[in-house]
1. Which of the residues belonging to the range 288-300 are more than 20 Å from G163 (Cα to Cα) and of a type in the set (D, E)?
2. Going by the conditions given, is G62 in the same structural domain as S298 (by TED's automatic domain parsing) and assigned to a helix (DSSP H, G or I)?
3. Of I210, I161, I114, which residue is under 25 Å from the mean Cα position of the chain (by Cα), surrounded by fewer than 23 Cβ atoms within 10 Å (Cβ to Cβ) and within 25 Å of L241 (Cα to Cα)?
4. Please go through the range 121-168 and give me each residue that is part of a strand (DSSP E or B), touching a Ser or Thr at 6+ places or on another chain (Cβ under 6 Å) and either of a type in the set (V, I, T) or over 30 Å from T340 (Cα atoms) (or both), ordered by number.
5. Give me a count of the residues in the range 344-387 that are closer than 18 Å to M33 by Cα, in a loop (DSSP other than H, G, I, E, B) and either touching an Asp or Glu at 6+ places or on another chain (Cβ under 6 Å) or not charged (D, E, K, R) (or both).
6. Does G55 satisfy the condition of being without any contact (Cβ under 8 Å) to a residue 12 or more places away in the chain and among the small types (G, A, S)?
7. If you go through the range 351-387 one residue at a time, how many are more than 26 Å from the chain's Cα centre (by Cα), modelled with pLDDT of 95 or more and within 25 Å of D281 (Cα to Cα)?
8. Only residues that are of a type in the set (D, E, K, R) and either within 16 Å of R95 (Cβ to Cβ) or out of contact with any strand residue (DSSP E or B) (no Cβ under 6 Å at 6 or more places or on another chain) (or both): list them for the range 165-187, please.
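The values are calculated or read from the model by the stated rules, or taken from the named source; none is laboratory data. Computed from a prediction, not measured in an experiment: that's the story for all the values here. In this analysis, Cβ positions are derived from the backbone assuming ideal geometry, glycine residues included, and neighbour counts consider all displayed protein chains.
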Amino acid sequence: MKVVLLLGDGMADEPITELGGMTPLEFAETPHMDRVAREGMTGLVSTVPDGYDAGSDVANLGLLGYDAVEFYTGRGPLEAASMGIDLGPGEVAYRCNLVTISDGLMADFSAGHISSEEGASLLSSLQAAVSGVRFHPGISYRNLLTVPGGAGGAGTPPHDIVGEPIGPFLPSGPDRDLLLACMDAAEETFSRHPVNSARVASGLPPATGIWPWSGGLRPALPPFAERFGVRGGMISAVDLLNGIARYAGLEVIRVPGATGYLDTNFEGKARHVLAALDHLDFVYCHVEAPDEAGHMGSIEEKVRAIERVDDMLGMILDGFDGVVAVMPDHATPIRVRTHTRDPVPVAVRGLGRDATTRYTEREAGNGGLGRIQATELLPILFDQARH
């Protein structure tokens, strides 16, 4: 029994005037996705439970078989696991973006995709200026803030409010005052930091502050192997996905050159999928690039990213004849530059065939799989693989 799930984060979209009323999936050249749809079955998957924001955290948890209603505690603790941070009892972890705020507006949720080295230098200086919390440098703008004995709190994802005033979206909840104090300290510390001076001199946006959000305690995920009776692995450059994998007991497979951005090592990820199937039953391969293009509002980059995911799929199909599924975790429409709750298309080779001829949002709506919930997908795939 072997199963591969190739996930192009945020691939789904809406019809776009500049593409002649087509979505990026419809416009892109995707012969391998279309082949899976033509030789297999398609359908729509609802990945965001009622009452939850359309985040990659709850969507990917669900696709891995963990219902957010039962298991989700926040994005921060999931990323902490990937970074090797062992949260203690009562310790709250927050995702902590480096951001660019200008004239009270969220100008850039990633501070111009600041480098990891620059981010680490900024956070080191900030750590020296505050006490009672810990800052943990991650990759690029994606970092963590942990609060021992924290009480928890809410915060809006910064990629949801690009171009909007930040006032209505500042942290709330029991840890609010502490988080706001950290944000004030960051604004002061970063304003005179040599990293930002160099970035401005080079024409790059400075990191003017931090943005804490999605805090929570360590979750308790039952082992994946016990839930499904298979050995699984995760390929991703994003801490969120690797953190879920660690809590679930999936093997975390690192790929040199994988960045979680548009320049990631697409081909290397596909090669590592095939290599992992020598000793694993299931591989979940996540590619962040289409989502990043959606947040940028770049039609061209999104189409290019989708086509590169399709190239990956072609490599996998050439080297593997088992069950293969391809899908996004959520939509990231160019129009809104953030995630939406719309059901997303899935195409699966190995479940039989329906009348679908292409892998698109519209065609999947008439596919033989119908409309299913995220947590239903893996049981369907594994049941088919066993038979």
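1. E288, E300, listed by residue number.
2. In short, yes.
3. None of the others qualify; the one that does is I161.
4. Residues of the range 121-168 part of a strand (DSSP E or B): 134-139, 142-147, 154, 162, 165.
Adding the requirement that they be touching a Ser or Thr at 6+ places or on another chain (Cβ under 6 Å) leaves 134, 139, 154.
The answer is R134, I139.
5. Matching residues across the range 344-387 total 14.
6. Details: without any contact (Cβ under 8 Å) to a residue 12 or more places away in the chain: no; among the small types (G, A, S): yes.
Criteria not met by G55.
7. Residues that pass the stated criteria total 1.
8. Within the range 165-187, D175, R176, D177, D184 meet the criteria.
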